[in-house]
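Colleague: My structure is below; once you've seen it, I'll send some questions.
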Ligand code: ADP
Ligand code: MG
């Protein structure tokens, strides 16, 4: 069947033709369809059986950017990448990826588990909610998906076949432009808070050290096919509750540097940290304690990620048949090699986190943590702090010995 953009009406007749769905839903007369997408690019429907309360989510890509309209074309084949990445992540980390019930590349759609009882993490963090298991869960997700899609785990042939499958031209171009280019110069797509001082903008756009560092991160993003990345792992792509964490929306998936995913999580949590200086949802001591939780979470994410990554690597080497790491002192040498690899990954993580932060302040796409604050002066104070932290991070990314040092820098900017 040729591609058709579904509507709330046609969703049902489509589902009725899919064997997986006639097994899932018994009575199609009881189904209610609601469009729930708050995203920028695609259409998302919830289909619910009103008698049993069973439900699914159907997400369909359209051949343009939804929030702009048909005047901004974007290949609907981005859904091919989302489907393949979801299946891959489900395979390596089933507990943090929704169940996939049905997909169609022809129709650019996927039908998946409804995570309705969970909420998008960004909104919850803005409200000041604590998620004690988040660091544990997201570090597992990243360690599993990144390690197991890399040359450290896959055979050389399998890895290259994967790289080939995930050449995601149009969505990588969006990242190259919006995360690594436009925000760092005077560009028509940028949007600045009018209360933000020119000196803060210049710090990002005119400081030679920052410009060189961003150009280096951009080149690394484009040329370092280490692992299959989620590609857009900000806290708006994570749904969480007290006990569960799920990662959704991997349409930007491609083979890139591991630090880009880890940096996305950490950079977004730093933006939340600085944004909680504005006391709306919570206030006073509560917001100080909340900021502390955010820093502890950043710390725990990095440590757990690094430790899980290393554990998997050692386990994988231990069951390999080749003799490369079999000589007197090999155990120590391997450990040293892994630690060196993780140190480089740490520097990348910091550099990419910084880009994720700077572009949210100056570029087109903002984050609600600070962009929804009505008082522009207060918002500018937050944005200035984010720029301060991020510019130091990117320039000094090779010089931090620990995540604690990075947190210390954040607390020097905002105690
Ligand atoms: P986009 O790619 O257009 O940004 P997302 O995949 O982020 O779309 O989905 C948009 C919104 O739809 C999410 O923010 C979330 O509120 C909702 N959503 C997406 N997938 C699910 C799911 N599996 N369960 C429940 N809600 C979902
Ligand atoms: Mg998306």
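Colleague: Exactly one of these conditions fails for residue 60: (1) closer than 26 Å to residue 260 by Cβ; (2) within 16 Å of ligand 2 (Cβ to nearest atom). Give me its number.
Modeller: Of (1) closer than 26 Å to residue 260 by Cβ; (2) within 16 Å of ligand 2 (Cβ to nearest atom), only one is false for residue 60: (1).
Colleague: I'd like the full set of residues that are more than 9 Å from ligand 1 (Cβ to nearest atom), surrounded by 15 or more Cβ atoms within 10 Å (Cβ to Cβ) and under 15 Å from residue 3 (Cβ atoms), limited to region 36-80.
Modeller: 58, 60, 62, 64, 74, 75, 76, 77, 79, 80, listed by residue number.
Colleague: Another question, if that's okay. Considering only region 376-383, I want to know if a residue exists there that is closer than 30 Å to residue 188 by Cα, under 19 Å from the mean Cα position of the chain (by Cα) and touching a residue at least 60 places away in the same chain (Cβ under 8 Å).
Modeller: Looking for residues that are closer than 30 Å to residue 188 by Cα, under 19 Å from the mean Cα position of the chain (by Cα) and touching a residue at least 60 places away in the same chain (Cβ under 8 Å), one finds none in region 376-383, hence no.
Colleague: Assess whether residue 22 counts as being surrounded by fewer than 18 Cβ atoms within 10 Å (Cβ to Cβ), without any contact (Cβ under 8 Å) to a residue 24 or more places away in the chain, in contact with a helix residue (DSSP H, G or I) (Cβ under 8 Å, 6 or more places away or on another chain) and over 23 Å from residue 252 (Cβ atoms).
Modeller: In short, yes.
Colleague: Kindly indicate which of 121, 87 is more than 14 Å from ligand 2 (Cβ to nearest atom), surrounded by fewer than 16 Cβ atoms within 10 Å (Cβ to Cβ), within 17 Å of the chain's Cα centre (by Cα) and under 16 Å from residue 250 (Cβ atoms).
Modeller: From the options 121, 87, the qualifying one is 87.
Colleague: For residue 35, only one of the following conditions fails: (1) away from ligand 2 (no atom under 14 Å from the Cβ); (2) without any contact (Cβ under 8 Å) to a residue 12 or more places away in the chain; (3) under 25 Å from the mean Cα position of the chain (by Cα). What is its number?
Modeller: Only one criterion in (1) away from ligand 2 (no atom under 14 Å from the Cβ); (2) without any contact (Cβ under 8 Å) to a residue 12 or more places away in the chain; (3) under 25 Å from the mean Cα position of the chain (by Cα) is unmet by residue 35, namely (2).
Colleague: Something else about it: Output the number of the condition that residue 151 fails; it satisfies all remaining conditions of (1) over 24 Å from residue 292 (Cβ atoms); (2) buried (at least 19 other Cβ atoms within 10 Å of the Cβ).
Modeller: Going through (1) over 24 Å from residue 292 (Cβ atoms); (2) buried (at least 19 other Cβ atoms within 10 Å of the Cβ) one by one, residue 151 breaks only (2).
Colleague: Continuing with this model, one more query. Does any residue of region 190-207 turn out to be in contact (Cβ under 8 Å) with a residue 60 or more places away in the chain, within 16 Å of ligand 1 (Cβ to nearest atom) and part of a helix (DSSP H, G or I)?
Modeller: The answer is no, given that none of the residues of region 190-207 is in contact (Cβ under 8 Å) with a residue 60 or more places away in the chain, within 16 Å of ligand 1 (Cβ to nearest atom) and part of a helix (DSSP H, G or I).
Conditions tested, residue by residue: (1) surrounded by fewer than 17 Cβ atoms within 10 Å (Cβ to Cβ); (2) over 20 Å from residue 234 (Cα atoms); (3) at pLDDT below 95.
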position: 168; (1), (2), (3): no, no, no
position: 187; (1), (2), (3): yes, yes, no
position: 203; (1), (2), (3): no, yes, no
position: 207; (1), (2), (3): yes, yes, no
position: 211; (1), (2), (3): yes, yes, no
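Colleague: Please enumerate the residues belonging to region 157-189 that are closer than 27 Å to residue 77 by Cα, free of Cβ contacts under 8 Å to residues at least 24 places away in the same chain and over 20 Å from the mean Cα position of the chain (by Cα).
Modeller: 157, 158, 159, 160, 161, 164
Colleague: Output the number of residues of region 25-35 satisfying the condition of being surrounded by fewer than 13 Cβ atoms within 10 Å (Cβ to Cβ), closer than 19 Å to residue 6 by Cα and away from ligand 1 (no atom under 16 Å from the Cβ).
Modeller: 1
Colleague: Taking the condition of being more than 6 Å from ligand 1 (Cβ to nearest atom), buried (at least 17 other Cβ atoms within 10 Å of the Cβ) and within 17 Å of residue 48 (Cβ to Cβ), how many residues in region 107-118 meet it?
Modeller: 2
The values are calculated or read from the model by the stated rules, or taken from the named source; none is laboratory data. Since this is a predicted model, take the numbers as computed values, not measurements. Neighbour counts are summed over all protein chains in view; Cβ atoms, including those assigned to glycine, are modelled from backbone coordinates with ideal geometry.
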